[in-house]
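What follows is a single structure, written as structure tokens, with notes after it.
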Amino acid sequence: MATSSLPAAAQSRPDEVRDGQTTGCCIVGGGPAGAILALLLARRGISVTLLEMHRDFDREFRGDTIHPSTLEILDQIGLAAPLHLMRHSKVSGPVINFPDGPFRPFDLTRLKTRFPYILLVPQSQFLEFITKEAAKYSSFRLILRANVRKLVEEDGCVHGVRYLGPDDNWRELRAPLTVGADGRFSQIRQLAGIEPVKTAPPMDVLWFQLPKLPHDMEIPGGLLGGIGPGRILIVLDRADYWQTGLVFPKGHHQELRAQGIAAIRRTIAEIEPRLAKNVESLTDWQQLSLLSVESSLCPRWHKPGLLLVGDAAHVMSPVGGVGINYAIQDAVVAANLLTNPLKEGRVTESQLAQVQRQREWTIRVIQRMQSIMQNNLLAKALASQGPARVPWQMRLLVRIPILRDVPSRLIAFGPRRVRLLNP
């Protein structure tokens, strides 16, 4: 007979709870949305507990972009300046090399903001920075290695969660509001029975790092793009190394692996010859990480006592790198709307629905923009085996002053600028 490898406590039933506690707001998931929401609520004196299933934040993240919208919000609470003291790099706009010349689809430096750039900071360091700030408030509590397995539900309302704690014992945490901020594979969303409507963008991405070498190229704007037959190359200047992405048609990962790592090196060198020496460092597939690109939107982000935010409610395509910042905007809107109800200890579903109403239109607009870019520009480039060229409409767009900054504003702030009320 097969035996379970789980600890004895973990094999017990979730109703065998070793410890029960209460909090003003239970947030599941210590990513950007969860950490920012916890900080904002703690600053307002609301008892908040942040549950994170991992032992720390020191793991691989693919999203390290902090856009002007987030920097403005952090500046409202005095955190933009200390964040800039951390080691970072900046992106103001990409340069994409085409056979008919370089093309810059957007330029953040023309925007009217204190922060006309995207700040690149390792996400693990950013999360540590935010949670350490939150820990200055006695109303904040962070529990690591908290593996949520069950919602506490009574009379159709969520009253908290049950989770396996660091000691592998079942614990219960009750709260007037539970927030699912646990990412694209959200356990909270699954437990709540909320199904996202998914779309499949026509691409996947291999992410990897290339070393910087003496006399390496300089990238104006901090981001370089290149297009080859059936491939798109993305290169981000990360101060100490080149963060690199190779975009290819969805479903072709196994085909790439069959061609071998040498074929990857050749492809990169053909698209960007200046990286020919750098790619010699790629010798093993374990150096590459696959990002399966998807996009989704939940038709409903809430049920009584429960709210979904960030990737748990809507997964964004990597086009524009806006996912983290739209998740943080969710957190800010939630803090703006729910602070008073949480102080009163009762949050109605109509109040939770208001969070979705304020955010859903924005998410739909940016996902539509991403879809247009994917289907009309990226998909055509990936399908082409000949020289790729910039569509004439795109070149015309960036020459018309009243229109050229629209993409920049959408990437930097979204259709609606989100601000923290009563910071």
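The residue that is farthest from Gly24 (Cα to Cα), counting only those in segment 316-326 that are among the small types (Gly, Ala, Ser) and open to solvent by 10 Å² or more (accessible area, probe 1.4 Å), is Gly320. Restricting to segment 133-152, and then to whatever is without any contact (Cβ under 8 Å) to a residue 24 or more places away in the chain and either polar (S, T, N, Q) or part of a strand (DSSP E or B) (or both), can you tell me which residue is least open to solvent (accessible area, probe 1.4 Å)? Filtering first and then ranking leaves Val152.
For Arg357, the conditions (1) in contact (Cβ under 8 Å) with a residue 24 or more places away in the chain; (2) part of a helix (DSSP H, G or I) all hold with the exception of (1).
Within segment 110-132, how many residues turn out to be assigned to a helix (DSSP H, G or I) and open to solvent by less than 30 Å² (accessible area, probe 1.4 Å)? Final tally of qualifying residues: 6.
All conditions but one from (1) closer than 22 Å to Gln374 by Cα; (2) part of a loop (DSSP other than H, G, I, E, B) apply to Thr267; the one that does not is (2).
Of the strands (runs of 3 or more DSSP E) lying entirely inside segment 1-63, none contains at least 2 residues that are at pLDDT below 80 and of a type outside the set (A, V, I, L, M, F, W, C).
Evaluation of Leu119 against the conditions (1) over 18 Å from Gly29 (Cα atoms); (2) in contact (Cβ under 8 Å) with a residue 60 or more places away in the chain shows that the sole unmet condition is (2). For segment 196-217, the candidate set comprises residues that are in contact (Cβ under 8 Å) with a residue 12 or more places away in the chain and more than 24 Å from the chain's Cα centre (by Cα); within that set, the residue that is nearest to Gly101 (Cα to Cα) is Met217. In this structure, does Gln367 turn out to be touching a residue at least 12 places away in the same chain (Cβ under 8 Å), closer than 18 Å to Ser317 by Cβ and either within 20 Å of the chain's Cα centre (by Cα) or open to solvent by 20 Å² or more (accessible area, probe 1.4 Å) (or both)? Spelling it out, Gln367 is indeed touching a residue at least 12 places away in the same chain (Cβ under 8 Å), closer than 18 Å to Ser317 by Cβ and either within 20 Å of the chain's Cα centre (by Cα) or open to solvent by 20 Å² or more (accessible area, probe 1.4 Å) (or both). Of all the criteria given as (1) among the aliphatic types (A, V, I, L, M); (2) touching a Leu at 6+ places or on another chain (Cβ under 7 Å); (3) surrounded by 20 or more Cβ atoms within 10 Å (Cβ to Cβ), the one not satisfied by Leu191 is (3). Mind checking whether some residue in segment 329-352 is touching a helix residue (DSSP H, G or I) at 6+ places or on another chain (Cβ under 6 Å), assigned to a helix (DSSP H, G or I) and surrounded by fewer than 17 Cβ atoms within 10 Å (Cβ to Cβ)? Within segment 329-352 (the criterion being touching a helix residue (DSSP H, G or I) at 6+ places or on another chain (Cβ under 6 Å), assigned to a helix (DSSP H, G or I) and surrounded by fewer than 17 Cβ atoms within 10 Å (Cβ to Cβ)), the answer is yes, since at least one residue qualifies.
The values are calculated or read from the model by the stated rules, or taken from the named source; none is laboratory data. A quick note: this is a predicted structure, and the numbers were derived from the prediction, not measured. Methodologically, a virtual Cβ is constructed for each residue, glycine included, from the backbone with ideal geometry; neighbour enumeration extends over all protein chains shown. Just the protein is used for accessible areas: all its heavy atoms, side chains included, with ligands, DNA and RNA removed. Shrake-Rupley method; radii C 1.70, N 1.55, O 1.52, S 1.80 Å.
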